[in-house]
1. Could you work out the mean projected area of the convex hull around the alpha carbons of the protein assembly as shown, in square nanometres to one decimal?
2. Determine the distance separating the Cα centre of the stretch B:1-32 from the Cα centre of the stretch A:341-358; give it in Å without decimals.
3. Just tell me how shielded A:444-457 is by partners: mean number of partner chain Cβ atoms within 10 Å of each residue's Cβ, no decimals.
4. Counting only DSSP beta bridges with both residues in the protein assembly as shown, what percent are antiparallel, rounded to the nearest 5?
5. Relative to the longest principal Cα axis of chain A, at what angle does helix A:439-460 sit, 0 to 90 degrees, rounded to 10?
6. Pop the C-beta distance of A:D343 and A:A196 into the FRET formula with R0 = 56 Å and round what comes out to the nearest 0.05.
7. Determine the shielding of peptide B:66-74 by partner chains: average, over its residues, the number of Cβ atoms on other chains within 10 angstrom of each Cβ.
8. Taking θ as phi - 60°, what are the ³J(HN,Hα) couplings along the stretch A:257-271 by the Karplus curve (6.51, -1.76, 1.60), each to the nearest whole Hz, with x for Gly and Pro?
Amino acid sequence: MDALLRARLLHLALFISLLLSVLSHASSQELQIVNAERRIDLTSHIIKVYLTLKVENIGASPASEVNLAFSPSEVEHLAVVKAAATTGKKKKRTYVPLDVKSSEQPAGPNGTKYFTIILSNPLSKGETATLEVLYILTRSLEPFPAEISQSESQLVYYRDSAILLSPYHVKQQTTFIKTPSTRVESFTVVEPTKRASTEIKYGPYDNQTPYTYAPILVHFENNNPFAVVEELEREIEISHWGNLQVTERYSLVHAGARHKGVFSRVDYQTKQGNIGVSSFKHLLARLPPRVHSVYYRDGIGNISSSRLRTDFLKSELLIEPRYPLFGGWKSTFVIGYGVPVEDFLFESPDGGRYLNFTFGCPLADTVVDKLLVKVVLPEGSKDPKAVVSFPVEQRLETKYSYLDVVGRTVVVLEKRNAVPEHNIPFQVHYSFNPIFMLAEPLMLVTAFFFFFVAAVSYLHLDLSIRK
Amino acid sequence: MAAKPITSPVPVSWYPTLSVFMLAIGLVLTASFFIYETTSSRKSRSLAKELTTAAVASFFLGFGSLFLLLASGVFV
């Protein structure tokens with residue numbers, strides 16, 4: 001009975017794979033991957049996958065696009081896809097960054113989604129190109145057990161395919177998975193599979209048909225801080241009087257295995273090293289150089305456990321939340337600082353002004369679920385335009401601050417699923433007439449003048465009853 | 001031509017000094033304005049002189065208080 005069922009399942013699987021290969025051949029492009037090497041870095045909670053593809057054009061017409069395939073669950077957690085073409089040998093290797101865009105073409109078998117790499121010079125018949133692809137996945141490690149006590153270590157599951165999901169025929173491929181420690185509870189074996197200290201090697205596999213998928217499950221120890229900022233609001237307020245005020249509102253959470261049972265401060269403090277290994281108690285924020293008036297506080301007030309180190313290139317702020325964060329625990333706080341305006345605000349040759357600031361979250365190794373960057377332009381500025389090198393949602397708001405009449409224009413940039421790779425400069429262009437800077441002092445001058453006029457008119461009026 | 005950085009019209013380090021001096025001048029003028037108002041009789045008072053003193057005093061007080069705001073970190 002069992003054997004019969006298995007045989008049927010096997011038949012079904014064979015049929016499906018046959019169908020898939022037929023389907024893929026129908027939409028086939030004349031490309032094949034000669035060699036694919038994938039290195040999956042699982043050392044942090046931000047999963048980095050380095051993919052080296054050697055692509056060959058076996059068709060007659062030149063090809064200018066290479067498709068990458070991702071499973072639906074990967075697409076959901078995909079933060080960054082970057083690609084570069086490499087030329088030259090070992091030491092003289094040069095990288096040419098290539099454009100990657102989310103492909104419009106309909107989803108492939110099993111909901112496979114595509115990203116398209118646009119080659120700078122099309123591949124003609126028989127030519128090969130070497131492509132380096134980096135993609136980053138967030139929130140893809142599932143803690144198992146889902147709840148751990150203070151003394152336990154955190155174990156997580158990672159799901160992927162041993163064979164590269166690809167719309168092309170892959171001649172030879174290998175996958176390396178790097179785990180943070182040597183403690184690996186289990187891993188799926190897809191022959192040939194080898195494990196050596198912190199590395200699991202899948203492959204080499206030869207001649208895989210398009211869309212082959214061999215699910216694997218790796219269960220391993222990962223005690224890196226799973227620091228996730230659920231919402232980060234960064235407000236950058238521009239003042240042409242010489243300051244840029246940045247206020248960052250964080251709501252931080254430990255996204256690892258949830259904490260179970262009681263928390264013993266005594267155990268935590270005395271048995272450091274083997275108690276609460278998955279928790280974290282401090283975070284490092286990288287701030288721009290020449291920061292001043294840095295503060296770190298929450299709803300209660302100032303949090304005194306922070307240290308600031310400044311040098312010519314950067315400032316580092318080490319912050320300690322009020323309590324160590326265990327799985328599922330949250331913390332909200334505010335970091336604020338001022339920086340000199342001349343470091344970030346420029347006048348372009350056409351007379352417009354622009355702000356050049358770093359996007360992303362200043363905290364190291366942190367995923368941000370929802371990142372809001374608000375640029376508060378000075379009152380009286382016109383035509384705001386944001387230039388960001390990756391897709392973000394944009395909208396405009398109005399904010400009232402000190403001595404404002406018509407309100408300040410706020411450019412709001414919203415980005416979901418941001419990782420440290422998004423910490424790259426962005427620009428906000430606007431036009432501003434310096435005469436508007438005089439609005440605030442003139443308002444104060446007028447107020448004082450009205451007071452004097454009131455005094456004059458009071459003393460000139462004759463309010464006495466006796467004549 | 002490269003983009004040139006935008007600086008504040010007055011160096012930031014001058015703000016406290018400017019604020020102290022402008023507020024001092026402004027307050028002295030305010031004092032003289034009120035001394036004039038209370039010591040002269042209604043008939044001998046000149047409206048032009050009153051308004052000139054008031055204008056100059058409010059200029060100094062206005063800019064003085066702006067620089068006080070800037071020096072104390074409230075960047076308007």
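The values are calculated or read from the model by the stated rules, or taken from the named source; none is laboratory data. Bear in mind the structure is a predicted one, so any value in this text is a computation, not a measurement. Here the Cβ is made from the backbone with ideal geometry for all residues, glycine too, and neighbour counts use every protein chain on show. Note: accessible area is taken over every heavy atom of the protein model, side chains too, but ligands, DNA and RNA are not part of it. Shrake-Rupley method; radii C 1.70, N 1.55, O 1.52, S 1.80 Å.
1. 39.3 nm²
2. Here the two parts' Cα centres lie 23 Å apart.
3. Mean number of neighbouring Cβ atoms from other chains: 6.
4. Among the beta bridges of the protein assembly as shown, antiparallel pairing accounts for roughly 85 percent.
5. 20 degrees
6. So, using R0 = 56 Å, E works out to roughly 0.70.
7. 4
8. So the Karplus estimates, Gly and Pro as x, are 4, 5, 6, 10, x, 8, 10, 9, 5, 5, 4, 4, 7, 8, 9 Hz.
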